[in-house]
Every structure is written in C-alpha cells, then in structure tokens.
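Visitor: Structure incoming, see below.
The values are calculated or read from the model by the stated rules, or taken from the named source; none is laboratory data. What you are looking at is a predicted structure, and each value in this text was computed from that prediction instead of being measured. Cβ sites come from the backbone with ideal geometry, for glycine too, and all protein chains shown count toward neighbours. The area values use the complete protein model at the heavy-atom level, side chains included, leaving out ligands, DNA and RNA. Shrake-Rupley method; radii C 1.70, N 1.55, O 1.52, S 1.80 Å.
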Amino acid sequence: MKYLLYGIVLYCALSLNAVKAVEVTEVLIEPENYKATGFGNVTPLTYLVNQKGEAVFKQAGVARDLARHFTNTKPIDSSDNDLAMLSKQLPDDYDFSDYDYTLFIVRAQKDEHCPPCKKQNSINEKVMERLNELRVHYVKILEKPADSVTVTIVSEEEYNRLTGRGN
C-alpha cells in the first residue's frame, strides 16, 4: 500500500511537469488569399497580445528582443487594427484570457523564401523554451508559397524608396 501511494504521488508530480506552457497552432493561407488579410508584404511580422486581448508588441522584421516584451502591459497604438486582422485567423470563439499571452508570427511558410523569417522562428523557439511560468499560445500564420517565387532582400531605406514611403 505504501508503494502504491508513492507511485500515485510520483505520477502526479510527473504529470504536472508534463503540462506544456506553450500551445502551437499553424494557420496556412493560400497565396491568392494572403493580400486580403491586410498583413502586407513585409515578413516576418510579430505580434504579442495579452490576456485582455490587447496587442502589447508589434515588430515588422526580426524582433531580436522578443523575450523582454512579455512584461509589456500597455497596449500599442494600433492594437485595435492589429487585433482585427489577427482575429480573422483564429476560431470565432477564441478567448485571449485562456492564455497569459498569444504570440503571433506572420511569415512565409518556407524558410528558403524568407531568411529573416527563419531567423525570427529560431528566436521564437528559444524564447518559448524559456517561458515555463507563462501560458502562451504561439500562432504561426504561414503564407503558402506560390508556384514560383522571387525574393529580393533590400535595406529598409531601399524598401522605403521603392514603395514611396521615404518622401
């Protein structure tokens, strides 16, 4: 009887450690539907949303300092607009309060089509490994590649010049 009790206690302790703090969901978007999402052409895009459903962090490009933003409490200025786009990729009954944070990455599905996306994915995976005390839903919104893809990586200045944002 004594060993049965120890076995039950050990099983319960191991079961508690087996609970994952991070849940991962992948959403695939067909290339012809991607433009309608409103995310634009810059990837990766990283968003962090708190339990209240407020976007507290947004980064276009590689977010090297992602880990420090898990302490943000103040919503960013574009929070409502960002949530409108992000929520379309979630089930209708999604409840942000089920998690401490929901982390979104919007990126190309294939790493070879987007080297910065590969770098951001690596950063995100390392951050997720360290977040044992938080319940995080990690949502990967992936743009499926078209049959043929041409990728040109340019500096931010060149991008602004090409898109007319530099004026």
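Visitor: Taking residue 127 as meeting all but one of (1) at pLDDT 85 or above; (2) under 24 Å from residue 88 (Cβ atoms); (3) hydrophobic (A, V, I, L, M, F, W, C), write down the number of the exception.
Guide: Only one criterion in (1) at pLDDT 85 or above; (2) under 24 Å from residue 88 (Cβ atoms); (3) hydrophobic (A, V, I, L, M, F, W, C) is unmet by residue 127, namely (2).
Visitor: While we're looking at this one, here's another question. Write out, first by first residue and then by second, each pair whose Cβ atoms fall under 7 Å of each other, whose residues are 6+ apart or on separate chains, and whose first residue, in region 26-42, is in contact (Cβ under 8 Å) with a residue 12 or more places away in the chain while the second is among the polar types (S, T, N, Q) and outside any loop (DSSP other than H, G, I, E, B).
Guide: Qualifying pairs under 7 Å: 29/37.
Visitor: Just the residues that are assigned to a helix (DSSP H, G or I), open to solvent by less than 50 Å² (accessible area, probe 1.4 Å) and modelled with pLDDT under 90, please, taken from region 68-82.
Guide: Passing the criteria: 79, 82.
Visitor: Are there any pairs with C-beta distances below 8 angstrom linking a residue in region 89-100 that is on the phi < 0 side of the Ramachandran plot to a residue that is assigned to a helix (DSSP H, G or I), with the two at least 6 apart or on different chains, and if so which?
Guide: Pairs found: 89/37; 94/87.
Visitor: Given the criterion part of a loop (DSSP other than H, G, I, E, B), under 16 Å from the mean Cα position of the chain (by Cα) and either within 27 Å of residue 157 (Cβ to Cβ) or of a type in the set (Ser, Thr, Tyr) (or both), identify the matching residue among 25, 43. Show your work before the answer.
Guide: On the way: 25 fails: part of a loop (DSSP other than H, G, I, E, B).
Within the list 25, 43, the selection yields 43.
Visitor: Further question on the same structure: Among the candidates 20, 58, 2, single out the residue that is modelled with pLDDT of 90 or more and either more than 24 Å from residue 130 (Cβ to Cβ) or open to solvent by 80 Å² or more (accessible area, probe 1.4 Å) (or both). Quick ask: steps written out before the conclusion?
Guide: Working: 20 fails: modelled with pLDDT of 90 or more; 2 fails: modelled with pLDDT of 90 or more.
The match here is 58.
Visitor: Given the criterion open to solvent by less than 20 Å² (accessible area, probe 1.4 Å), closer than 15 Å to residue 57 by Cβ and touching a residue at least 40 places away in the same chain (Cβ under 8 Å), identify the matching residue among 134, 103.
Guide: On the way: 134 fails: open to solvent by less than 20 Å² (accessible area, probe 1.4 Å).
Unique residue meeting the criteria: 103.
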